[in-house]
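K.L.:
Take this structure first; my questions come after.
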Amino acid sequence: METIKTKNILRIIKPVKSVVLGIAASVLVFSCNLKETNINPNVPSDASVNTLLPGAQLSLSFAQASQLGPYVSIYDQHFAGNIDFASTVQNYTVANSYFNDYWSALYPGTLYNLKIIINKSKASGLPYYSGISRILFVVGIGTATDVFGDIPYSDALTINTSPLPKYDRQQDIYTNIQIQLDSAIQELSKPKTANLGGIVPSSDDVIFKGDVSKWIAAAWTLKARYALHLSKIDKTDAATKALAYASKGISSNAGDLAVTYTTAPTTSNPIFQYGSYRPNWIVAGKAIVNLLNGNEATDPGNKTVSLIDPRRSYLINPAGGKYVGLPTQGVIAFSTPGSFVASRTSQVIFTSFIENKLIEAEARLILSDGGAQLALQDAVRASFNKIVSDPADTNATEVKRTAYINAKAVLTGDYDKDLKTIITQKYISLYSQPESWVDYRRTGYPQLSLLSDGDHASNPGGGIPRRLPYPQNEEVLNSNIPTKTSNHQVPQLWWDK
């Protein structure tokens, strides 16, 4: 991955200063009315592919980290909503109108422009641009279907489409995700000479600088991810496919599919920007703090720390010299997201080597092939190497890393306990990434404490949310929406039944 430096991106990132959990002044209101979004005034459709690509990469990272990430990270207890609007997310009482902004950022802001790149690239004989854009498109549409379920897809991004696009079944979208990734791999595997005029991505690709081998590996890891998501439908088939795909996936931390931000005020990480404008609205969730303190995610009190996770001081910041997550009784100051995820230069990670190894670990566990523990421990070591940045950190010495692995990353032969161990390490390693909420819904791990006031009309039964309600604009303006009564529990997602 590469650091953002281009002027094109500066123009796109600058208006996003005001983003608050998906309230972005720079984003067009979008109710799936494609007649209004066929021409994006911010990025004209006649722009060249090398002009469109960096903006699409950045807008996708902002949609994921700013418009969606805080909701998801509060629901899976990576974060907690502490003040004002964020506290309504914490209690699952947030109005569905607030999901309009993620929808807007995704469809006209990102997916539409990626579709333009794909179409232009096909017409101009530029398979590398098309392949990269397909992979980014899958990240966007895959994340959206995993939070909403059925969504507009086949009818939503064509130039002459209906103004009220139909909703595709999640099952069909998942099938097409694999087709898109296969097509991307085929396009990116072509020789450089297949790109007419020698036009290939380079500095305009702010993630990999046009390194197609890294894009191909990322596509295989995404194939593994979306295969394993179907573990509740057919566990063995999901694991078999995921393992095969992961074997060709990202092979080191240097191959992570991620956008890296800079120290400039207009090109800072979106979570950093959020914290700067709304300090302490979002704090660290109790579950992640408990785990980093060496305890169970559901620890009801402030236990004596048993085994400090070497990653703790990078994932969360202390408050008053202590690491405490919300909700904890009798505490006013809570830990906040740390430098790894919330500094100016922190990455927004779409997928990674660490995820690839943890997919492998879970798949091998399901298939009982004997290699799960090695894959798990490789993942944890890679996580240490990526997250721990201070070589003098006394809590992250090689001795302490080894002690942690021997205590927290050893499998026992008991399937349920071992699955809990793998998913818990994935939950820690993928802090603030939407994938952890998918894992919780698939596996039930890590076990999370229910809120005392979480049972209400927006979240009947009081369980951890299973989905996002459809945005208000869709409910009002698109008659093709599958249901007018969605909430945080129903209708169930296809793969979550």
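None of the figures in this text is laboratory data; all of them are computed from the coordinates on show. Keep in mind that this is a model prediction, so the values were computed, not measured. Here Cβ is always computed from backbone atoms with ideal geometry, including for glycine, and neighbour counts include all displayed protein chains.
K.L.:
With only alpha-carbon atoms in the gyration tensor, what are the semi-axes of the equivalent ellipsoid for region 44-169, in Å, largest first?
P.N.:
Result for region 44-169: semi-axes of 30, 16, 12 Å.
K.L.:
Roughly what angle does helix 127-148 make with the longest principal axis of the chain, taking Cα atoms, 0 to 90 degrees, to the nearest 10?
P.N.:
Result, in degrees: 50.
K.L.:
Going down the list Lys166/Lys209; Lys357/Lys420; Lys286/Lys408, which pairs span over 25 Å between their C-alpha atoms?
P.N.:
Lys166/Lys209, as the Cα separations exceed 25 Å there.
K.L.:
Percent relative contact order of the chain, based on C-alpha pairs within less than 8 angstrom and at least six residues apart?
P.N.:
Relative contact order of the chain: 20 percent.
K.L.:
Something else: Hey, could you pull the Cα Rg and Dmax for region 136-263, both in Å?
P.N.:
16.4, 47
K.L.:
Still on this structure, please answer the following. Taking 0.36 nm per residue of separation and subtracting the Cα-Cα distance, what length does fully extending Lys232 through Ser202 add?
P.N.:
Result for the pair: 6.8 nm of gain on full extension.
K.L.:
Would you please put 127-137, 370-380, 472-482 in order of how densely packed they are, using the mean number of other Cβ atoms within 10 angstrom per residue and starting with the highest?
P.N.:
127-137, 370-380, 472-482
K.L.:
Follow-up question, since we're still on this one. Please list, in order, the residues from region 103-143 whose amide nitrogen is less than 16 Å from a point placed 7 Å along the Cα→Cβ vector of Asp46.
P.N.:
The answer is 120, whose backbone nitrogens lie closer than 16 Å to the label point.
K.L.:
Using the alpha-carbon atoms, what tilt in degrees (0 to 90, nearest 10) does helix 353-367 show relative to the longest principal axis of the chain?
P.N.:
70 degrees
K.L.:
If you don't mind, there's one more thing I want to ask. With Rg and the Kirkwood Rh both taken from Cα atoms, where does Rg over Rh land for region 77-139?
P.N.:
1.25
K.L.:
Now for a separate question. When you have a sec, figure out the Kirkwood radius of region 197-265 from all distinct Cα pair distances and drop it here in Å to one decimal?
P.N.:
13.7 Å
K.L.:
Separate question: May I ask for the percentage of alpha-carbon pairs in region 102-196 that lie more than 18 Å from each other?
P.N.:
Percent of Cα pairs beyond 18 Å in region 102-196: 46.
K.L.:
Quick one: which of 214-225, 171-182, 255-266 comes out on top by average Cβ neighbours within 10 Å, and what's the full order, highest first?
P.N.:
214-225, 255-266, 171-182
K.L.:
Could you state the angle between the C-alpha long axis of helix 415-429 and the longest principal axis of the C-alpha atoms of the chain, as a value from 0 to 90 degrees rounded to the nearest 10?
P.N.:
It is inclined by approximately 70 degrees.
K.L.:
Sticking with this structure for a sec: Once amide H atoms are placed 1.01 Å from N in the peptide plane, what residues at a sequence separation of 5 or more from Thr351, or on another chain, have their amide H within under 5 Å of its amide H?
P.N.:
Leu257
K.L.:
Report the normalised scattering of region 224-299 as log10 I(q)/I(0) at q = 0.13, 0.21 Å⁻¹, calculated by the Debye formula with identical scatterers on the alpha carbons.
P.N.:
-0.81, -0.93
K.L.:
So, one more: Hey, fewest Cβ within 10 Å first, where do Asp150, Asp237 land in order?
P.N.:
Working: Asp150 21, Asp237 12.
So the residues, fewest neighbours to most, are Asp237, Asp150.
K.L.:
Under the Karplus relation 6.51 cos²θ - 1.76 cosθ + 1.60, θ = phi - 60°, what is the ordered set of whole-Hz ³J(HN,Hα) values for region 456-468, x standing for Gly and Pro?
P.N.:
My calculation for region 456-468 gives 7, 4, 7, 9, x, x, x, x, 4, x, 9, 6, 9 Hz in order.
K.L.:
Further question: Ignoring solvent entirely, what values of log10 I(q)/I(0) come out of the Debye formula for the chain at 0.05 Å⁻¹ when each Cα is a single scatterer?
P.N.:
Calculated log10 I(q)/I(0) at the listed q: -0.17.
K.L.:
Which semi-axis lengths, in whole Å and largest first, follow from the square roots of five times the eigenvalues of the Cα gyration tensor of region 417-483?
P.N.:
Values: eigenvalues 168, 51, 19 Å².
Each semi-axis is √(5λ); the values are 29, 16, 10 Å.
K.L.:
So what are the three principal axis dimensions of region 279-365 from its Cα atoms, in whole Å, longest to shortest?
P.N.:
If we take the Cα atoms of region 279-365, the spans are 43, 33, 19 Å.
K.L.:
Restricting to Cα atoms and excluding each atom paired with itself, what does the Kirkwood estimate give for region 115-157 in Å?
P.N.:
11.2 Å
K.L.:
Where the Cα atoms of region 203-354 are projected onto their three principal axes, how long is each span, largest first, in whole Å?
P.N.:
Per principal axis, max minus min of the Cα coordinates gives 50, 44, 25 Å.
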